[in-house]
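Report on the following structure.
The values are calculated or read from the model by the stated rules, or taken from the named source; none is laboratory data. As the structure is a prediction and not an experimental result, all values here were calculated from the model. All Cβ positions, glycine included, derive from the backbone under ideal geometry; neighbour counts span all protein chains shown. The area values use the complete protein model at the heavy-atom level, side chains included, leaving out ligands, DNA and RNA. Shrake-Rupley method; radii C 1.70, N 1.55, O 1.52, S 1.80 Å.
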Amino acid sequence: MATAARRPKRGTKPRYRRVLLKLSGEALLGRGEWGIDHAVVDGICRQVLAARDLGVEVALVIGGGNIMRGSIEARREGVDRATADYMGMLATVINALALQNALEHHGAFTRVMSAIEMHQVAESYIRRRAVRHLEKGRTVIFAAGTGNPYFTTDTAAALRAMEIGADVLVKATKVDGVYDADPVRNPKAVRFTELTYLEVLRRRLAVMDTTAISLCMDNNLPIVVFNLHKPGNLLRLLGGARVGTLVHGG
């Protein structure tokens, strides 16, 4: 039986010093089919702020699937793939601004850094500047993916995590880890507590795309897949509890 979430004791040393939190655009949907549920955004931001209170430096990469998924749009509507991907990148900027607004509403200091230049709404991504923001206690939100078509925001998350020297890439999902089948459709699906990168690639498990997994494997960056929508999960993970599924080198 699951136990109630416990907040780490004051003075607890977090497991990780710096984390990259990957959020899908769909994570912002709530019960809607499109757009942004601001109550859901607020709940995510409260968990991020609790992590900051623990002394963890937090950066985020956000997808845009709640507004626009480039690859799907290209196949469905006949839009040029590169154009559709750029449209998806712009959707991530919208989501990043929504997260920034919610975080600042709670008094946090933030920066949105975009891989596509748009000086009126976000800083251009510069690795050293991003690291400096984190060192100064600011929450950094990376938008516009890698700035290139044909790459997913999963790959952007892996790339940014390595560039800023993150200790772990934490991927938020709607389920509590990685399963051998879709747990929504198959109640007998089995959850993994740990996997190696090669097992993920060999089994073709839906953790992240193969480019992102390969990047993490080549640079020995651990990945934790967990359910962010369960209150306190992020804090438990950072406090040292076993949460979700850990993907590592074995």
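One table, with the values for the structure above:
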{"quantity": "Heavy-atom accessible area per residue - the chain, 1.4 Å, Å²", "calculated": "51"}
{"quantity": "Inter-site label distance for His106 and Arg17 at 7 Å from Cα along Cβ, in nm", "calculated": "2.5"}
{"quantity": "GNM flexibility winner over the chain from Val131, Val93, Val121 (Cα, springs under 10 Å)", "calculated": "Val121"}
{"quantity": "Hits among lysines - C-alpha to C-alpha of Lys230 under 20 Å, sequence gap 8 or more where chains match", "calculated": "Lys9, Lys22, Lys171, Lys174"}
{"quantity": "Rg(Cα) / (2.2 N^0.38 Å) computed for the range 72-160, rounded to two decimals", "calculated": "1.15"}
{"quantity": "Convex hull volume of the range 128-216 per residue (C-alpha atoms, cubic angstrom)", "calculated": "125"}
{"quantity": "Cα-based shape type of the range 179-250, given that a ≥ b ≥ c are square roots of the gyration tensor eigenvalues and the cut on a/c is 1.5", "calculated": "oblate"}
{"quantity": "The range 160-234, relative contact order [Cα under 8 Å, separation at least 6], %", "calculated": "45"}
{"quantity": "Cut-off of 10 Å, at most 14 other beta carbons, DSSP loop: longest stretch of the chain lacking such GluC sites (Glu not before Pro)", "calculated": "118-250"}
{"quantity": "CD proxy at 222 nm, helix term only [per DSSP H run n ≥ 4: -39500 (n - 2.57); per residue of the chain; nearest 500]", "calculated": "-11500 deg cm²/dmol"}
{"quantity": "Value of relative contact order over the chain, rounded to a whole percent, pairs C-alpha under 8 Å and six or more apart", "calculated": "23"}
{"quantity": "The range 102-250, dipole about Cα centre (Lys/Arg Cβ +1, Asp/Glu Cβ -1), debye to the nearest 20", "calculated": "260"}
{"quantity": "Candidates Thr152, Thr193, Thr92, ranked by Gaussian network fluctuation over the chain, Cα under 10 Å, top entry", "calculated": "Thr193"}
{"quantity": "Fraction of accessible area attributable to carbon and sulfur, the chain (%, probe 1.4 Å)", "calculated": "50"}
{"quantity": "Debye, to nearest 20: dipole size of the chain, +1 on Lys, Arg Cβ, -1 on Asp, Glu Cβ", "calculated": "1060"}
{"quantity": "For the range 57-175: relative contact order, % (alpha-carbon pairs under 8 angstrom, 6 or more apart)", "calculated": "30"}
